[in-house]
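The values are calculated or read from the model by the stated rules, or taken from the named source; none is laboratory data. Keep in mind that this is a model prediction, so the values were computed, not measured. With ideal geometry, Cβ positions are generated from the backbone for all residues, glycine too; neighbour counts draw on all protein chains shown. What goes into the accessible areas is simple: the full protein's heavy atoms, side chains included, and nothing from ligands, DNA or RNA. Shrake-Rupley method; radii C 1.70, N 1.55, O 1.52, S 1.80 Å.
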Amino acid sequence: MRIRNNPNAKVELLNCDKFLETRKDLQRILDQNKDKKIYIEIGMGKGEFISQMAHDNPNDIFIGIELSVSVLALAVKKILRYELAHNIHLKNLYLMSFDASKIMEYFEVHQVEKIYLNFSDPWPKKKHIKRRLTHENFLKEYKRVLKEKGIIEFKTDNRLLFEYSLVSMQNFGMKFLEVYLDLHSTDIPNVVTEYETKFSSKGPIYKLVAQI
């Protein structure tokens, strides 16, 4: 789903108190919340999922990561509307923009409780396989920032990406705690993304929960 480039996106983000531009900004927040668990969503899109998670878990810290500043600026507007609609201020929700391959440049070793990967770009061409967020190269970085026995939750509507991710994680030595081939046919709790709401009618949603 393409988002039109917003030339003012960076300025809009810098005017948002939820946006953390640098590692120093991030560590300042985390130092202030050392007793709280940290959850991150990589590829947060327009922010519906992480807003709901932050709302439901006010005692934890949630950090949404999105490479596209235009998408992130749009997410800020949607998050502000979410807060207005619920008459709240999500003080535990923060946003960042950087490539997931550089995650160790921002987080410390064993600092993160759980990583959410929701409807990541499938990168279907073989030449782009290393760009998939469940490729071994990314899993190595996740393992460094996640706590011992940390968790990755992954959802997608792309069967080929799901099958690839199962194999990739298994080869990496991860332990599968939950695997669903049709998530919406179950009664397990599920916080939906905007993408999920729009496209789940077109086919099954796949989900796995794995321990690193």
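Points worth noting:
- Among the numbered conditions (1) assigned to a strand (DSSP E or B); (2) over 30 Å from K36 (Cβ atoms); (3) acidic (D, E), the only one that E153 does not meet is (2).
- Selection from the range 45-69 of residues that are open to solvent by less than 10 Å² (accessible area, probe 1.4 Å) and at negative phi: I50, S51, A54, I61, F62, I63, G64, I65
- Given (1) open to solvent by 40 Å² or more (accessible area, probe 1.4 Å); (2) among the hydrophobic types (A, V, I, L, M, F, W, C); (3) within 17 Å of the chain's Cα centre (by Cα), index of the condition F162 fails: (1)
- Looking only at residues in the range 81-118 that are of a type in the set (K, R) and under 14 Å from F62 (Cβ atoms), the one that is least open to solvent (accessible area, probe 1.4 Å) is K114.
- Yes/no for L67 being closer than 25 Å to K10 by Cβ, in contact (Cβ under 8 Å) with a residue 60 or more places away in the chain and under 13 Å from the mean Cα position of the chain (by Cα): no
- Residue count for the range 70-80, restricted to those that are free of Cβ contacts under 8 Å to residues at least 60 places away in the same chain and crowded, with 21+ Cβ neighbours inside 10 Å: 1
- One residue from M53, M44 being assigned to a loop (DSSP other than H, G, I, E, B), under 17 Å from F154 (Cα atoms) and among the aliphatic types (A, V, I, L, M): M44
- Hits in the range 183-195 - residues which are of a type outside the set (A, V, I, L, M) and surrounded by 12 or more Cβ atoms within 10 Å (Cβ to Cβ): H184, T186, N190, T193, E194, Y195
- Residue check, K114 within 26 Å of I29 (Cβ to Cβ) and touching a residue at least 60 places away in the same chain (Cβ under 8 Å): yes
- Each residue in the range 161-208 was checked for being in a helix (DSSP H, G or I) and either without any contact (Cβ under 8 Å) to a residue 60 or more places away in the chain or polar (S, T, N, Q) (or both), and 20 of them qualify.
- Every residue from the range 1-41 that is under 12 Å from V69 (Cα atoms), out of contact with any strand residue (DSSP E or B) (no Cβ under 8 Å at 6 or more places or on another chain) and assigned to a helix (DSSP H, G or I): A9, K10, V11, E12, L14
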